Amino acid sequence: MKIILTGATGFLGRETALAAVRRGHQVIAIGGSRMPEIPGVGRTLQADLTEPQQAIETLLLNEFPDAIINCAGVPTMEACDAAPEKAEKLNAGLPRFLAMMANHLSGRLVHVSTDMVFDGDKGNYEHTDKPIPLNLYGQTKLMAEKDVLQFGKNHAVALRVPVISGNTPAGDKSLHERLLVQWSAGKTTPLFTDEIRQPVSASNLGDVLVELCERSNLSGVYHWAGAEALSRHEIGVRIAKHFGLAPEKFITPTTHAAAGEKAARRARDLSFILHPLQGKLKTRVQSFEEILSEMQVPAQCAVWHAEQTGRTVVRRLVKGVDF
């Protein structure tokens, strides 16, 4: 299968490209900010994805891919607030264009959406629940979902996903890496005890995105996450313990009430019901222990970690980084 992947320089995009290569597919990886560098991917290019009709329409028409995976976007609430025009172009305009092109080419489109299309009041969200986004990030992603399904028709999937975990080449992108970098700099991290998330491994999610390309009988909106819904505080505590650190030295518990206005646009409970997709895929849902087992100490934190724990970091091959 020939897959065109947008957002290949991002954390999830890189993992998805590696997953596609592992599964024997031909990948054309497109990066927006820079040229992708991904082992095993033969063709890479850089393009301005805020203007996709100019940047990649000819490529799509010439290559006639079997599937398009869209991992591109402005990825956080704060980044969307800082650059709203860019957010609308990347988070809404690009998926709309890709959906129309996929339908024209009779190819698959698998688009990555977010749990933040919900307001977090309910928790245990099903894919049929009504989205109520609290911020621009969630609003642009919801716009994209609607357009993907309208213009992509039966060829398209919008996959809502939560906070993503894993190892990155730079060692500073995923949750555990950011925490360890903060802690090694002598900072403590306030984490909400009443804010629930359901983390997923980037390598596991990459396999799901590629499997959805392979499963032409699936279309519409679905949810994917890890098996466990946890408070942000519990996530941090378990990460600290996994790395042999005392959580109380590095984590300060806090609540939405204590945060006041700073928490006004933060959703409380974004846990997912994973059916019906969980029963339709061969890729397994991971427990948080399995997700933890994939985490490694970032290279820049290795000396500090050894001083704190007495452990010597042993470098091992990591799925999503080495293969």
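The values are calculated or read from the model by the stated rules, or taken from the named source; none is laboratory data. On a predicted model such as this, the values are computed, not experimentally measured, just so you know. Every residue, glycine among them, receives a Cβ derived from its backbone with ideal geometry; neighbour counts consider all protein chains shown.
Within the stretch 190-225, the residues that satisfy the criterion of being assigned to a loop (DSSP other than H, G, I, E, B) and either in contact with a Cys (Cβ under 7 Å, 6 or more places away or on another chain) or of a type in the set (D, E, K, R) (or both) are ASP194, GLU195, ARG215.
Filtered by the rule that a residue be assigned to a helix (DSSP H, G or I) and either under 23 Å from SER271 (Cβ atoms) or in contact with a strand residue (DSSP E or B) (Cβ under 7 Å, 6 or more places away or on another chain) (or both), the stretch 147-168 gives VAL148, LEU149, GLY152, HIS155. Set side by side, the residues ASP129, ASP119 differ, and just one is surrounded by fewer than 20 Cβ atoms within 10 Å (Cβ to Cβ), more than 25 Å from ALA67 (Cβ to Cβ) and touching a Gly at 6+ places or on another chain (Cβ under 9 Å), which is ASP119. The set of residues in the stretch 1-37 being in contact with a helix residue (DSSP H, G or I) (Cβ under 9 Å, 6 or more places away or on another chain), over 18 Å from SER201 (Cβ atoms) and among the aliphatic types (A, V, I, L, M) consists of MET1, ILE3, ILE4, LEU5, ALA8, VAL27, ILE28, ALA29, ILE30. Residue check: GLY123 meets all listed conditions (1) at positive phi; (2) in a helix (DSSP H, G or I) but one, namely (2). Being in contact with a helix residue (DSSP H, G or I) (Cβ under 8 Å, 6 or more places away or on another chain), of a type in the set (Gly, Ala, Ser) and surrounded by fewer than 18 Cβ atoms within 10 Å (Cβ to Cβ) is a property that does not hold for ALA259.
For the stretch 89-101, the criterion of being assigned to a loop (DSSP other than H, G, I, E, B), touching a helix residue (DSSP H, G or I) at 6+ places or on another chain (Cβ under 9 Å) and either under 30 Å from VAL297 (Cα atoms) or not β-branched (Val, Ile, Thr) (or both) is met by none of the residues.
Table: residues versus (1) among the hydrophobic types (A, V, I, L, M, F, W, C); (2) over 28 Å from ALA158 (Cα atoms); (3) assigned to a helix (DSSP H, G or I).
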{"position": "ALA227", "(1), (2), (3)": "yes, no, no"}
{"position": "GLY236", "(1), (2), (3)": "no, yes, yes"}
{"position": "ALA240", "(1), (2), (3)": "yes, yes, yes"}
{"position": "LEU245", "(1), (2), (3)": "yes, yes, no"}
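Within the stretch 51-69, does at least one residue satisfy the condition of being closer than 20 Å to VAL200 by Cβ and assigned by TED's automatic domain parsing to the domain that holds LYS146?
Step one: of the stretch 51-69, the residues closer than 20 Å to VAL200 by Cβ are 69.
Now restrict to residues that are assigned by TED's automatic domain parsing to the domain that holds LYS146: 69.
The answer is yes, given that some residue of the stretch 51-69 is closer than 20 Å to VAL200 by Cβ and assigned by TED's automatic domain parsing to the domain that holds LYS146.
Considered as a group, the residues in the stretch 247-286 that are in contact with a strand residue (DSSP E or B) (Cβ under 7 Å, 6 or more places away or on another chain) and assigned to a helix (DSSP H, G or I) include one that is farthest from VAL161 (Cα to Cα), and that residue is PHE250.
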